[in-house]
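Some notes on the structure that comes next.
The values are calculated or read from the model by the stated rules, or taken from the named source; none is laboratory data. Since this is a predicted model, take the numbers as computed values, not measurements. Cβ atoms come from the backbone with ideal geometry, glycine included; neighbour counts cover every protein chain shown.
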Amino acid sequence: MSVKTITCIGCPMGCRLNVRMESGQVKEVDGAGCGRGAVYARQECVCPMRMVTSLVCVRERRAPLSVKTTRPVPKERIFDCLKAIHAEQAVPPVEIGEVIVKDVCGTGVDIVATGKIAENAECGMSDVQANNVVQDNR
Ligand code: SF4
């Protein structure tokens, strides 16, 4: 039997949870201020999950597109998911919520855009950068 102490992230109270584990299973959770604490502790101690947020390249644009998973993925798959995201390239136009990577790494979770890119949007350069490019090409 072992006891782990974790902090619940379910709300700003941040309850300290004492989790008694036996044979890889959660046997008891103490210290939770509400029912969500025990649910969180069981998930976190047996199969921790995380949302993934990142940036993906956009074709012919300098500014990347922000993306996120639609649901949490197993914590040990985060780096696989990031690799898959970074290998991808979004093609304008892109709408918020549009699927950028379907079923990322076989997790059953999609990667969706959290930003919007119009087809004829600027290439992502500031006016100063664009001006420098114009001057460099003279
Ligand atoms: S156990 Fe309940 S009250 Fe405590 S941090 Fe988690 S969600 Fe908040």
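Out of the residues in segment 1-50 that are in contact with a Gly (Cβ under 7 Å, 6 or more places away or on another chain) and of a type in the set (Ser, Thr, Tyr), which is nearest to Val73 (Cα to Cα)? In this case the residue turns out to be Tyr40. Is it true that some residue in segment 57-64 is within 15 Å of Thr114 (Cβ to Cβ), at pLDDT below 95 and assigned by TED's automatic domain parsing to the domain that holds Gly115? Yes, some residue in segment 57-64 is within 15 Å of Thr114 (Cβ to Cβ), at pLDDT below 95 and assigned by TED's automatic domain parsing to the domain that holds Gly115. If you go through segment 42-64 and keep only what is surrounded by 13 or more Cβ atoms within 10 Å (Cβ to Cβ) and touching a Cys at 6+ places or on another chain (Cβ under 7 Å), you end up with Val52, Arg61, Pro64.
Say we look at segment 4-20 and pick out the residues that are modelled with pLDDT of 95 or more and aliphatic (A, V, I, L, M); which of these is nearest to the ligand (Cβ to nearest atom)? Filtering first and then ranking leaves Met13.
Within segment 21-41, the set of residues being surrounded by 12 or more Cβ atoms within 10 Å (Cβ to Cβ) and within 12 Å of the ligand (Cβ to nearest atom) comprises Val29, Asp30, Gly31, Ala32, Gly33, Cys34, Arg36, Gly37, Ala38, Val39, Tyr40, Ala41.
Residue count for segment 33-68 satisfying the condition of being farther than 30 Å from Val19 by Cα and of a type in the set (S, T, N, Q): 2.
How many residues does segment 65-89 hold that are part of a loop (DSSP other than H, G, I, E, B) and either assigned by TED's automatic domain parsing to the domain that holds Gln25 or buried (at least 19 other Cβ atoms within 10 Å of the Cβ) (or both)?
Initial filter on segment 65-89 (part of a loop (DSSP other than H, G, I, E, B)): 70-72, 87-88.
When the remaining residues are screened for being either assigned by TED's automatic domain parsing to the domain that holds Gln25 or buried (at least 19 other Cβ atoms within 10 Å of the Cβ) (or both), the result is none.
Going through segment 65-89 one residue at a time, the tally reaches 0.
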